[in-house]
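Accompanying notes for the structure given below.
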Amino acid sequence: MSKLPINANLFAALRAGFPADLQSVAVETDSGLCYSWQDLEEGTAMLANLLESLELPTGSRIAVQVEKSVEALMLYLATLRAGLVYLPLNTAYQAAEMAYFIADAQPAVVVCSGRNFGWLSKLAFVAGTSYVFTLNEDRSGSLLERAAPLGRSHPVAQRSCDDLAAIIYTSGTTGRSKGAMLSHGNLLSNAQLLHQAWGWRSAQEGGDVLVHALPIFHVHGLFVAIHGALLSGSKMLWMGRFDVRTALNYFSRATLFMGVPTLYVRLLAEPGLNRNAVRSMRLFVSGSAPLLMETFADWQERTGHTILERYGMSETIMLTSNPYFSKEGERKGGTVGRALAGVQLRVVADDGQALPTGEVGGIEVKGPGVFQGYWNMPEKTAEEFTADGFFKTGDVGRVDAQGYVTIVGRSKDMIISGGYNVYPAEIEGTINALPGVAESAVVGVPDTDFGEVGVAVVVARAGAVAPESAAILAALRSTLANFKIPKRCYVVAELPRNAMGKVQKNLLRAQYAKEQVAR
Ligand code: MLC
Ligand code: AMP
């Protein structure tokens, strides 16, 4: 008798984590809605039935640009359940950015907000997309209308570890975004590692309650937070968008929170944050951007909790974590902890030679979470891996004698602003195309709220009327996602260059960081 192969579909593992009592609450939202585990089970089945009814070829991409909602979460899970590939897109992306993603990924289905249907459906159909549905925050739209009459059960599609589950676009140093292809095996192995490392508790063990405050179109909010909660059958207190007061209210009946450093900075500014407000919490996790020592220390003083900082990226999911269990060591502020089980991490010199403990160099990694490559970019993929199969993260750091990793910078020219990555090359390209502009440089400077923000320094074309800073920023707003817009713009006579003619961004950074302090 032949045995069926084990189904490596991530959905099967997440579904197995649901508690026995499917009537209990799985998600409670800040708009007053409650969803049971049964609702998640049936809602994902109906949406998977809709996707299946479209008879899409294997490997079809489902591109989704919608506001955060539990239905959007169900759409993600339904895509996995139906064995298709989920492609989430930041709601801040503007038409030109969306046109690129859709032309590049060629999704079979696009799901968007009703207000964007007009322009987005046009560009999707031109790119060959067969179906465009709408899904709004208030649960209206054609997606749910079409799914409503369909069956409330659906078998989990058979998938192997290496089959694609999701594509996450990350900006590129050259300005072209790349789609990181993640398999069911990548996502599940990482979820299981973090489940173990952070001591997620199932309902039988008293259960966890997660405050879910991040967007669900990036690795942090979509994978790290949601997979953790579902695998352990933990309830989520769901925020449509981050709000300090709501988060504080939730903390009094939750156990776990995940945020980018900006969220911690904003919470610390709230006088109500004290030990009593977080009395039921057991863990605060920070990641996606560097957590300042000052924030780490202030949080400890105000709440009595030591933030656990971890490090990862879209191409690898999570790579390192400070320990959760005290028997595994202390949580060291300023470090991102040690490599997770199964992750090999090394620091190398420019020539690729491994460096001894404590020395600073490029971080390279290998492990079960490392992606399958960039969508449709085999050459780019090959460039980012070493001959012995390590992925070059583009982050620069060192490892101490206990294995704790400290990130000291990046070899990639990237700004991390409020947890979002911004690539100066993309912004500079857009500025340089504006009338009257000869050239520009975008640099990151420290910011108390977002950690780092972009500043644009622009040189006018000789003989042209010098463009106004405000007009440059206004022009960018119509083409680029809002978080990419530099917070300030200066029009100058020339950019500082070294003997090789290369723009000295370090000088610009130093100069404009000072100007901010002087403001
Ligand atoms: C909003 N703005 C930003 C910004 N977010 N500017 C720079 N950087 C950001 N991150 C702009 C807005 O467009 C607005 O501009 C102005 O700043 C004020 O907006 P706001 O109302 O204060 O912003 P808010 O809606 O509160 O959003 C801030 C935020 C959000 C921090 C809550 O940015 C956020 O959710 N960040 C989390 C990102 C995240 O999940 N990253 C994980 C990536 S995964 P104007 O001019 O219009 O007024 C990853 C891998 C890993 O990195 O390791 O996890
Ligand atoms: P993304 O491409 O959006 O997944 O962002 C990944 C990048 O975020 C990494 O390459 C790092 O540069 C950065 N990052 C993630 N976590 C941390 C952290 N804890 N400290 C510093 N940088 C981080």
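Roughly how much of residue 162 is accessible, in Å² to the nearest 10, using a 1.4 Å probe?
Its accessible surface works out to 110 Å², give or take rounding.
Among residues other than residue 251 whose Cβ falls under 15 Å from its Cβ, what is the net charge (Lys/Arg +1, Asp/Glu -1)?
Local charge sum for residue 251: +3.
Put a dot 7 Å past each Cα toward the Cβ at residue 478 and residue 434; how far apart are the dots in nm?
Between residue 434 and residue 478, the simple spin-label model gives 1.2 nm.
If DNA, RNA and ligands are ignored and the probe is 1.4 Å, what is the ranking of 408, 27, 465 by accessible area, most exposed first?
Final ranking, largest accessible area leading: 465, 408, 27.
Could you tell me the distance between the Cα centroids of segment 239-279 and segment 33-102, to the nearest Å?
29 Å
Per residue of segment 185-196, what does 6.51 cos²θ - 1.76 cosθ + 1.60 with θ = phi - 60° give for ³J(HN,Hα)? Whole Hz please, x for Gly and Pro, Karplus curve as stated.
Result, rounded to whole Hz: x, 4, 6, 5, 4, 5, 4, 5, 4, 6, 4, 5.
For segment 192-289, what does the accessible surface come to per residue with a 1.4 Å probe? Please give it in Å². Write out the running numbers ahead of the final one.
Details: 3230 Å² over 98 residues.
Value for segment 192-289: 33 Å² per residue.
With labels modelled as points extended 7 Å from the Cα through the Cβ direction, what inter-label distance (nm, one decimal) is found for residue 119 paired with residue 246?
Reported label-point gap for residue 119 and residue 246 is 2.6 nm.
Tell me the per residue accessible area of segment 308-411 using a 1.4 Å probe; a whole number in Å² is fine.
Heavy-atom accessible area per residue stands at 45 Å².
Taking the Cβ of residue 276 as the center, what net charge do the other residues with Cβ under 15 Å away carry, scoring Lys and Arg +1 and Asp and Glu -1? Don't jump to the answer; show the numbers that get you there.
On the way: positive: 253, 275, 279, 302; negative: 270, 301.
Residues close to residue 276 contribute a combined charge of +2.
Before rounding to the nearest 500, sum -39500 (n - 2.57) across all DSSP H runs of length at least 4 in the chain and divide by the residue total; then give [θ] at 222 nm in deg cm²/dmol.
Counting only the DSSP helices, I get -8500 deg cm²/dmol.
At a 1.4 Å probe, what is the % contribution of carbon and sulfur to the accessible area of the chain?
Solvent-exposed carbon and sulfur of the chain make up 52 percent of the total.
Any chance you could check the Cα centroid distance between segment 407-452 and segment 133-153 for me, in angstrom?
A separation of 39 Å, based on Cα centres.
Can you check how the C-alpha radius of gyration of the chain compares to 2.2 N^0.38 Å, as a plain ratio? Spell out each step's value before the answer.
Working: Rg = 23.1 Å, N = 519, 2.2 N^0.38 = 23.7 Å.
Working it through for the chain, the quotient is 0.98.
Taking only protein heavy atoms and a 1.4 Å probe, what accessible area per residue, in Å², does segment 414-518 have with all protein chains in place?
That works out to 47 Å² for each residue.
Looking at segment 367-434 from every direction and averaging, what is the projected area of its Cα convex hull in nm²? Can you show the working numbers first?
Details: hull surface 28.8 nm².
With the hull built on Cα positions only, its mean projection is 7.2 nm².
Rounded to the nearest 5, what % of the DSSP beta bridges within the chain are antiparallel ones?
60 percent
Suppose we flag GluC sites (Glu not before Pro) only when DSSP calls them loop and at most 14 other Cβ atoms lie within 10 Å. Which is the longest uninterrupted stretch of the chain? Present the calculation step by step, with values, prior to reporting the outcome.
On the way: sites that count: 55, 330, 359, 468, 494.
In the chain, the maximal stretch lacking such sites is 56-329.
The values are calculated or read from the model by the stated rules, or taken from the named source; none is laboratory data. Predicted model only: the values in this text are computed from it and were never measured. In this analysis, Cβ positions are derived from the backbone assuming ideal geometry, glycine residues included, and neighbour counts consider all displayed protein chains. In case anyone asks, the SASA skips ligands and DNA or RNA and just uses the protein heavy atoms, side chains included. Shrake-Rupley method; radii C 1.70, N 1.55, O 1.52, S 1.80 Å.
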